[in-house]
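Since every read-out is calculated from the coordinates, none of them should be taken as a lab result. As the structure is a prediction and not an experimental result, all values here were calculated from the model. Here the Cβ is made from the backbone with ideal geometry for all residues, glycine too, and neighbour counts use every protein chain on show.
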Amino acid sequence: MLAGINRVGDLEWEVPIGYVPGMRVPGRFFLSASLAGTLEEGAVRQLANVATMPGIVKYSLAMPDIHWGYGFPIGGVAAFDMTEGVISPGGVGFDINCGVRLITTPLTESDLAGKRRELIERLFAAIPTGVGAKSTLRISNKDLSRVMVEGARWAVERGFGTEADLARCEAEGAMSGADPDAVSSKARQRGVPQLGTLGAGNHFLEVQAVREILDPATAETFGLKEGQVCFMVHCGSRGLGHQVATDHLRTLEAALSKYRIHLPDRQLACAPIDSPEGRGYYGGMVCAANYAWANRQVIMHEARNVFAKMFGLDCDEMRLVYDVAHNVAKFERHEVDGRPAEVCVHRKGATRAFGPKAPEIPHEYAGVGQPVIIPGSMGTPSYLLCGTTTAMQKTWGSTCHGAGRVLSRSKVKKEVLGKEVREQLAGEGILVRAHSDAAIAEEAPQAYKPSQEVVRVVHVLGLSAIVARLEPLGVIKG
Amino acid sequence: MSFEELEHTADLRLRVRGATLDEIFAEAGRAIFQVMYGHCKDRGVERRIEVEAESLDSLLFDYLSELLFITDVENVVFCTFDVKIQGTRLTAVLRGEPLDPARHSGGTLIKGVSYSGLEIRRDEEGYVVEIILDV
């Protein structure tokens, strides 16, 4: 382990006050010995930088997929006091409400025999992906205002999915507090043509098979069976979210001196939660988050249609298990010093993992906790887990969000060719479809930590519990 | 004028150099388009922009963010950047071509410009800056 960090448990580490000047609380992160070798000093410094922010409560936290980002580390979680604390786009990222949803189908792997290539091609044709992709939807600026307030419900009311889908989204697919006036005309211009598009980078739609059930009772509650074909959608708020983040980052950075906030990294620019700048960012961020839920709802609907036509299914037979956000700031009630209190929880590359009986989770899952979806990379498994009481006590109800990168994009492109990755994966029975081989190379499985190990750590710590393992059959990428 | 990609696990970190401020801003523009789209040719698309900020670092942030906005909404790719800076005000003439997914899909989409470590410094060769971009 890096110097200056103390071990406080089997898989738990503390970054003491003083690691960087001005820390108000210690940092805590969770990592196994085998993952420790991948930890960058830059990520720990970023974790410590977050601890300098006004009103931070208890700890600056990071999940086992911690890595070096900008502002907060990726995998970073921090809660702020509602009166003394701040809100920061650096704790959310540019892709506001980047998230994942998992959908089951009544098909088994054998139903796909001889049809997998066609399925992947049809999905690729139905869902706009990649740089410059534009939506087939034609929405007006007025529609966009409604999308930003109503989120996934806007899509459902226009025939993209059903009412039942909404209950199975975090925040029912729309956070309250949206302020369309806090969204610039530039953000709107980017948002209008991109609703229903997957985007590029690490975003994907993947067809998967449930390979192993580790908790049969909970899997049954979530509607999963061994051998079942599922699909997973990973994307966010597209250009609209990027612009909202950019605009407000700029406003908050300029307001730092007004609030006498001194930070070691200007990307942590923030303002008191109940200040004009803080409220402005929150209202704009909620608009982008709601846009992202509508986006994933539209994409899911298009994918359901492809499956329905190819296999003679009814869309109702393809059940949304859950939709989780992994880049967002939310006002939540947690226990602080033995008392319930509202705090502003930032999760940047971290997933909410509320335990059983949490009032925010769907009634049908109240007995087992919230479904937590952890996407793997193209060649490594994805996992379905459930939230726990331990997560509520230790991490503001949060867990990891993915495998976490270990190789930069430039390094991986030097080490592997996209064509080779595509052929290697095809040899393993995983079909990959993208606009370019370079996009495949960047996201090659070797660029990521093993998802198995990241998930094992959160499971052993009790931050969430493994329910099922899913393996990729085919993937479309931006 | 030059740029190089530095090591960064999750995002993209560029070091950009220029003998003058005009040059370093032009090169930073060229760098992000190179990363996003690879090859680009001047095929007659031209745009003029003006940006003003309270400091040079914020001017760079605003200018690069403006470029990301223009390429996203107008589907254009730029290859030449004629930048003039006076104080903390910038005017630029950008030239390039319409986005063609068949030729421009080999790159990395940039989601935003980060303020982390964004500081234009002077050294013996002129100006240098490191920029972390969310990809």
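Summary of computed values
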item: Leading residue at positive end of dipole, the range A:139-291 (Cβ point charges), from A:Ala155, A:Tyr282, A:Asn141; result: A:Asn141
item: Restraint check, A:Lys186/A:Lys330; A:Lys419/A:Lys477; A:Lys134/A:Lys477; A:Lys348/A:Lys411, Cα-Cα greater than 22 Å; result: A:Lys186/A:Lys330; A:Lys348/A:Lys411
item: Selected from B:Tyr37, B:Ser2, B:Ala19, residue furthest toward positive end of dipole (the range B:2-134; charges at beta carbon); result: B:Tyr37
item: For the range B:2-134, the fraction of alpha-carbon pairs in successive 10 Å shells from zero, as %; result: 13, 47, 34, 6, 0
item: Centroid-to-centroid separation of the range A:329-397 and the range A:270-289 [C-alpha atoms, Å]; result: 22
item: Euclidean distance between Cα centres, the range A:197-255 to the range A:105-127, Å; result: 20
item: Nearest-0.05 FRET efficiency for A:Thr83 and B:Val128, computed from C-beta distance (R0 51 Å); result: 0.75
item: Simple label model, 7 Å out from Cα along Cβ direction - A:Glu428 to A:Arg24, nm; result: 4.4
item: Loop-resident sites, the range A:93-155, for trypsin sites (Lys or Arg not before Pro), counting at most 16 other Cβ within 10 Å (DSSP); result: A:Lys115, A:Lys134, A:Arg138
item: Inter-label distance, nm, simple model (7 Å from Cα along the C-beta direction), A:Arg7/B:Val73; result: 5.5
item: Residue order, fewest to most beta carbons within 10 Å, for A:Asp165, B:Asp22; result: B:Asp22, A:Asp165
item: Calculated from backbone phi, Karplus (6.51, -1.76, 1.60) coupling profile of the range A:246-252 in Hz, x at Gly/Pro; result: 4, 4, 6, 4, 5, 5, 5
item: Model label zone, A:Glu220; criterion: amide N under 18 Å from point 7 Å along Cα-to-beta-carbon; scope the range A:373-417; result: A:386
item: Extreme residue, positive dipole direction of the range B:2-134, given options B:Ala53, B:Leu90, B:Tyr127 (C-beta unit charges); result: B:Leu90
item: Residues of type aspartates and glutamates that A:Lys357 reaches as a straight line, Cα spacing below 19 Å, ignoring anything fewer than 8 places off in the same chain; result: A:Glu170, A:Glu172, A:Asp215, A:Glu220, A:Asp323, A:Glu332, A:Glu335, A:Glu342
item: Sequence-separation-based contact order of the range B:2-134, relative, with Cα cut under 8 Å and 6+ spacing, percent; result: 33
item: Relative contact order, percent, chain A [alpha-carbon distance under 8 Å, six or more residues apart]; result: 21
item: Rounded to 5, percent antiparallel among DSSP beta bridges of chain A; result: 90
item: Prolate/oblate/rounded call for the range A:109-156, Cα gyration tensor, a/c under 1.5 rounded; result: prolate
item: Cα-centre dipole for the range B:2-134 with unit charges at Cβ (Lys and Arg positive, Asp and Glu negative), debye to 20; result: 360
item: Net length gained if the chain between A:Ser185 and A:Tyr259 were fully extended (0.36 nm per residue, minus Cα distance); result: 23.9 nm
